[in-house]
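To keep things clear, I will list the structure first and then write my remarks on it.
The values are calculated or read from the model by the stated rules, or taken from the named source; none is laboratory data. Just so it is clear, the structure is predicted and the values come from calculations on it, not from any experiment. Ideal geometry is used to build each Cβ from the backbone, glycine not excepted, and the neighbour counts take in all protein chains shown. Accessible surface is based on the protein model in full, side chains and every heavy atom, while ligands, DNA and RNA are left aside. Shrake-Rupley method; radii C 1.70, N 1.55, O 1.52, S 1.80 Å.
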Amino acid sequence: MHSTRVRCAGLILAAFIAWVLASGCSKGKAGFTPPPKKDPETELTYAPVQYDTTTFRVHFFWTGFDDDGEVKRFHFAVDTDTLRPPGEWPTTTSKDTTLLFQVDPIQELKVHVFKVAAEDNEGRIDRTPASRAFSAKTLPPHSQIDKGPSGFNLSIGPNFTFEWSGIDPDGGETGGKVPVDTFQYMLLRVGGIADLHPGAPYDPLPPFEQNLYVGLIDGAIGDGLPAGDHANLHNDHSDWKWIGIRALKLRFRNVTPGEYVFTERAVDIAGATEKGLGFPTNIRHFTVTNRNSGPVLTVRSSILNRPLPSATGPDDFARKELQVFEGETVSFSWSANADAYGGEIEGYTYALDDTSSFPGLDVRQTAATFSPSKLTVGSHFLYVRAVDDGGLVTNLVQPLKIVHPAFKDPGAPRSILFVDDSVVQLGNRSGPNDQVETNWWTLRGSTGHGPLTDLTEAYGVVNVEEWDTTERALGSVEGRKQPAPSDLAPFTTVVWTTDASNGGSISTALFRTVAGGDYSELQGYLRAGGTLILTGWNIAQNTSGFVNDTYKVGGPAPNGICTFPATSDGADRTVFPRMYMGIANSVPSLEGKRLLGAYDFVRGIPTAAGAAMGFDTARVDTGNLSFGVQFPGIQGDPTPTFKWNTKEYPPPFVPDEQLFPGLSGIEGWIMSTNFGCIDDHDLGREVPSSPVARPIYTYHGVRTGVLQDGTASPREGLVCASLVQSHDLGINGGHYDAKAAIGRIAIFTFPLYFLRDADAIDIMKKSYLYVSTSPTLP
């Protein structure tokens, strides 16, 4: 029964299937129709807000989907390309891109359209692309000329170079600053036109006037200078066009001589141009001549106080012979600069005497050192040459004369050169005239003694000669003239006296020979082994490059001249105070007022070392017309005499300014901890156990105040005289060599003339005894 039912059910199912199949066959082509295919769709997921303003660098993100397939790629277009069919647009499989949009070069703003359409696996393209309209904006770039002719009427040769640089404030990938790599320039010829075709409707550029040309160039916001009114105003200069360049340097060669204006501006990657061009940042005015002058060449030396006058061009001017003592090792260094016309130095070369021995050019060849074996006695010539990248040459030719120091010859007699560098011009009758002071030095006094004449008897000085710096300068513009090395060479000792009329230390011959000239004749003499007795007013000031270099207060080195960097101008200006005197600072008397303790030096007090050597109190010879006459008085007149007039009689109208109890303009020294700012073990000296500079006198002045009842003198107890032993300049590693050392020096920062005769003569004797036994002398 069960099997019969199953069999019947199977027959029924089979019959149903057969009916279904028969029904399908009977319909034919009028059967089931599939749904139509759909286009893909596109969506911008990140883009500028519609019709908004954004930066010129825009990052777009999009996506696409297809209901009956899949998206295979995208088509996109920008601006006018969007008018073409999407099938002609560029394709990408990416879903984002970053595009840079140009802006109007003047307005720095421009409207743009971006569209993107998806394409599916059957090649269908979205017929309604995603679209966004927006404005792109950029911040304008800025630039400046870094190198080239200066902007102020410079005359240069026909070959010159300009270099520049610029910054785009929003050109980076994240909107930050980046360097500009595209620029535009114009080289305008004043009075000229760019289009030289006959009948061209353009006008010549006007004569140069800075504001006019700045206005013209600022108005060149398009592709060139603005078009004016040729017919009526004759100011159409639009033939002058901006020239594009993707470089930071432009070399001009063989430019026609004339007057020119050069200008450059930056262009950023969005096409915006720099505005507000200024002079001389972006604009330069100069004149081109038919001769290239070449780089500026400057030479320095170990024996020079300052660089030699610079040379320019192939033909050097006739230079003053530089005298140098035999035995010196002399170093020269040099540098050149071609920035005036935008050039670069390609190399240097040099020669001593023989120019056929010029080595090859090398930009690293910037120095040379000549040993005594090269610098033999007689005349020599140093040749230095600099060459720039355009082949322009500058030559410097320095004559040298090597002088033999005859005072070092075996058996050379003791002799003195008295350098009279004192011209008393106080104008207030407090000091004598120049002849009175000169006679005091060179003649015997009423007692039969004199500061120089006594030395010939006491110490066997066979010769004393005078060098008057004022008389030697007659007929010249120098005012005072110092002795040259050849003038110093015969003398074992120089006695140098200088005055207080320096007005800032620049008029004395002492200043000229130590700090104010190219070569320090006096330092060279000392380096050769000569000896010196130096006396005068404010010696530290008189031997420094600037009037206040050594000042404790009011100068550039309040903590001492050792604080000047070793290679600085300050260190160069204070070589003598550092290496020959060993001071750190000085405390000068400035304003001539008793209230400030200005005219207060009345005596020098011997230190323990000075007293041990026999130095006694140095008393200023003061007096006034109430009881005496100014030295030397009248022959046979018993009235007391004096050298420094304190002017107490007649009574002063302004006591604070006219009461002179002592000498004016006398400084006090603060000695350096390390002589010359050099460690003791690096300094070669004759007596290593003793200080190089040994103070022998300290300053004693009256109290401050009109009535001399105030505080102690501002310089009380400071050093005012010292003896400097023979030493080197720290070049022998602490090993003393008398043949290469500085001779002994005695220095007094007060004038010996104004001391009482007995005191001054005694000081001269003991000072000469000290220096004349220097181991540097034969």
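Looking only at residues that are in contact with a strand residue (DSSP E or B) (Cβ under 7 Å, 6 or more places away or on another chain) and aliphatic (A, V, I, L, M) in region 62-86, which one is surrounded by the fewest Cβ atoms within 10 Å (Cβ to Cβ)? Ranking the qualifying residues of region 62-86, first place goes to Val78. Checking the stated criteria, Pro638 turns out to be modelled with pLDDT of 75 or more, open to solvent by 10 Å² or more (accessible area, probe 1.4 Å) and closer than 25 Å to Gly450 by Cβ.
Against the numbered list (1) farther than 30 Å from Ile731 by Cβ; (2) of a type in the set (A, V, I, L, M, F, W, C); (3) surrounded by 19 or more Cβ atoms within 10 Å (Cβ to Cβ); (4) touching a strand residue (DSSP E or B) at 6+ places or on another chain (Cβ under 6 Å), Val299 comes up short only at (1). Taken over region 284-331, residues that are part of a loop (DSSP other than H, G, I, E, B) and among the hydroxyl-bearing types (Ser, Thr, Tyr) amount to 5. Pairing each residue of region 138-151 that is under 23 Å from Asn337 (Cα atoms) and open to solvent by 10 Å² or more (accessible area, probe 1.4 Å) with any residue that is hydroxyl-bearing (Ser, Thr, Tyr) and in a loop (DSSP other than H, G, I, E, B), provided the two are 6+ apart or on different chains, yields C-beta distances under 8 Å for Gln144/Thr281; Ile145/Thr281.
Against the conditions (1) acidic (Asp, Glu); (2) more than 30 Å from Glu326 (Cα to Cα); (3) modelled with pLDDT under 90, Asp569 satisfies every one except (2). May I ask you to list the residues in region 246-283 that are open to solvent by 40 Å² or more (accessible area, probe 1.4 Å) and outside any loop (DSSP other than H, G, I, E, B)? Result: Lys249, Arg251, Glu259. Only residues that are touching a residue at least 12 places away in the same chain (Cβ under 8 Å) and open to solvent by 60 Å² or more (accessible area, probe 1.4 Å) were counted in region 684-706, giving 4.
Please indicate, with yes or no, whether at least one residue in region 193-205 is on the phi < 0 side of the Ramachandran plot, more than 37 Å from the chain's Cα centre (by Cα) and open to solvent by less than 20 Å² (accessible area, probe 1.4 Å).
yes
Assessment of region 759-778 against the conditions (out of contact with any helix residue (DSSP H, G or I) (no Cβ under 9 Å at 6 or more places or on another chain), at pLDDT below 95 and not aromatic (Phe, Trp, Tyr)) yields no matching residue.
May I ask you to list the residues in region 733-751 that are touching a Gly at 6+ places or on another chain (Cβ under 9 Å) and within 26 Å of Thr447 (Cα to Cα)?
Phe748, Phe750, Pro751
Residues that are closer than 30 Å to Phe60 by Cα and assigned to a loop (DSSP other than H, G, I, E, B) within region 130-164 comprise Thr138, Leu139, Pro140, Pro141, listed in sequence order.
Residue pairs whose Cβ atoms lie under 7 Å apart, separated by 6 or more positions or on different chains, with the first residue in region 464-479 and touching a residue at least 24 places away in the same chain (Cβ under 8 Å) and the second of a type in the set (Gly, Ala, Ser) and in a helix (DSSP H, G or I), are Thr469/Ala509.
Confirm whether Thr53 is polar (S, T, N, Q), modelled with pLDDT of 85 or more and under 28 Å from Ser131 (Cβ atoms). Criteria not met by Thr53. For region 116-137, name all the residues that are at pLDDT 90 or above, open to solvent by 60 Å² or more (accessible area, probe 1.4 Å) and closer than 18 Å to Ala47 by Cβ. Passing the criteria: only Thr128. Could you go through region 101-108 and let me know if any residue there is closer than 26 Å to Arg57 by Cβ, surrounded by fewer than 21 Cβ atoms within 10 Å (Cβ to Cβ), in contact (Cβ under 8 Å) with a residue 40 or more places away in the chain and among the acidic types (Asp, Glu). Yes, because at least one residue in region 101-108 is closer than 26 Å to Arg57 by Cβ, surrounded by fewer than 21 Cβ atoms within 10 Å (Cβ to Cβ), in contact (Cβ under 8 Å) with a residue 40 or more places away in the chain and among the acidic types (Asp, Glu). Scanning region 49-106 for residues that are part of a strand (DSSP E or B), aliphatic (A, V, I, L, M) and out of contact with any Ser or Thr (no Cβ under 9 Å at 6 or more places or on another chain) yields Ala77, Val78, Leu99, Leu100. Scanning region 208-245 for residues that are part of a loop (DSSP other than H, G, I, E, B), touching a residue at least 60 places away in the same chain (Cβ under 8 Å) and over 33 Å from the mean Cα position of the chain (by Cα) yields Ile221, Gly222. The listed residues are Ala368, Ala340, Ala386, and the only one of them that is over 25 Å from Leu522 (Cβ atoms), under 25 Å from the mean Cα position of the chain (by Cα), part of a helix (DSSP H, G or I) and of a type outside the set (Val, Ile, Thr) turns out to be Ala340.
Which members of region 553-588 meet the condition of being closer than 19 Å to Phe748 by Cα and either in contact with a Gly (Cβ under 8 Å, 6 or more places away or on another chain) or among the basic types (Lys, Arg) (or both)? Break it down into steps so the answer makes sense when it comes.
Filtering region 553-588 down to residues closer than 19 Å to Phe748 by Cα leaves 574-588.
Matches in region 553-588: Thr574, Arg578, Met579, Gly582, Ala584, Asn585, Ser586, Val587, Pro588.
Is it true that some residue in region 172-181 is among the small types (Gly, Ala, Ser), in a strand (DSSP E or B) and either at pLDDT 95 or above or on the phi < 0 side of the Ramachandran plot (or both)?
Looking through region 172-181, none of the residues is among the small types (Gly, Ala, Ser), in a strand (DSSP E or B) and either at pLDDT 95 or above or on the phi < 0 side of the Ramachandran plot (or both).
Taking region 515-621 and the helices (runs of 4 or more DSSP H) fully enclosed by it, the elements with 2 or more residues that are open to solvent by less than 10 Å² (accessible area, probe 1.4 Å) and more than 19 Å from Ser722 (Cα to Cα) are at 521-527, 569-573.
Taking region 30-61 as the search range and keeping residues that are among the aromatic types (Phe, Trp, Tyr) and open to solvent by 40 Å² or more (accessible area, probe 1.4 Å), which one is nearest to Ile125 (Cα to Cα)? Per the criteria, the residue is Phe61.
Quick check: anything in region 742-753 open to solvent by 30 Å² or more (accessible area, probe 1.4 Å) and either out of contact with any helix residue (DSSP H, G or I) (no Cβ under 8 Å at 6 or more places or on another chain) or hydroxyl-bearing (Ser, Thr, Tyr) (or both)? No, region 742-753 contains no residue that is open to solvent by 30 Å² or more (accessible area, probe 1.4 Å) and either out of contact with any helix residue (DSSP H, G or I) (no Cβ under 8 Å at 6 or more places or on another chain) or hydroxyl-bearing (Ser, Thr, Tyr) (or both). In the set (1) in contact (Cβ under 8 Å) with a residue 60 or more places away in the chain; (2) within 30 Å of Gln144 (Cα to Cα); (3) buried (at least 21 other Cβ atoms within 10 Å of the Cβ), Val393 fails one condition alone, (3).
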